[in-house]
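What follows is one structure encoded as structure tokens, with my remarks underneath.
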Amino acid sequence: MAFIDTETTGTSRHDRIVTLGIATMQASDLQAAKFKLRTMHLVFNPTRPCNPMAASIHGWSDQTLARQPRFADHVTEITDQLARADVWLMHNAAFDRRL
């Protein structure tokens with residue numbers, strides 16, 4: 001199972017992902033109440049400014065984000081992590097998947 005969350009530059013379809021968090025675990029561990037999580041938290045350069053409201057939620061400044069790697073620099077690492085999971089659990093999945 002993969003638990004996934006993102007933060008973005010805003011809420012329009014032109015916005016970009018700023019952070020990606022993934023926590024994975026075996027369903028059998030959850031059933032046995034053993035919480036062995038493998039976690040990943042990445043911060044990206046969205047190559048565009050953040051909407052001020054979005055920045056107030058995630059707390060990342062445009063200056064800090066400009067010094068981060070781009071999402072494309074981590075695609076292999078991200079897809080490898082997600083490929084290990086049969087089930088993805090996301091809050092607001094329709095929005096996150098669109099980005």
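Shown here for the chain: chymotrypsin sites (Phe, Trp or Tyr not before Pro) in loop regions (DSSP other than H, G, I, E, B) with at most 13 other Cβ atoms within 10 Å, namely Phe35. As a length-normalised measure over Cα pairs under 8 Å and 6 or more apart, the relative contact order of the range 24-99 settles at 27 percent. Of the trypsin sites (Lys or Arg not before Pro) in the range 43-99, the ones in a loop by DSSP (not H, G, I, E or B) with at most 14 other beta carbons within 10 Å are Arg67, Arg70, Arg84. Charge tally for Ile78 (other residues, Cβ to Cβ under 14 Å; Lys, Arg +1; Asp, Glu -1): -1. When only the Cβ of Lys, Arg, Asp and Glu is charged (+1, +1, -1, -1), the dipole of the chain relative to its Cα centre reaches about 60 debye.
I'd like the per residue volume of the convex hull spanned by the Cα atoms of the range 3-99, given in cubic angstrom.
Values: hull volume 10.2 nm³, N = 97.
Looking at the range 3-99, the number lands at 106 Å³ per residue.
In the context of the full set of protein chains, the chain has a per residue accessible area of 66 Å² (1.4 Å probe).
Surface composition of the chain: carbon and sulfur atoms hold 52% of the protein heavy-atom accessible area at a 1.4 Å probe.
Among Asp62, Asp15, Asp80, the residue with the largest mean-square fluctuation in a Gaussian network model of the chain, with springs joining Cα atoms closer than 10 Å, is Asp80. Over the Cα atoms of the range 41-93, the radius of gyration divided by the Kirkwood radius equals 1.04; this is the Rg/Rh ratio.
The values are calculated or read from the model by the stated rules, or taken from the named source; none is laboratory data. Treat the numbers as computed from the prediction; the structure is a model and nothing was measured. Glycine also receives a Cβ, built like all others from the backbone with ideal geometry; neighbour counts cover every protein chain displayed. Remember, those area values only see protein heavy atoms, side chains included, never the ligands or the DNA or RNA. Shrake-Rupley method; radii C 1.70, N 1.55, O 1.52, S 1.80 Å.
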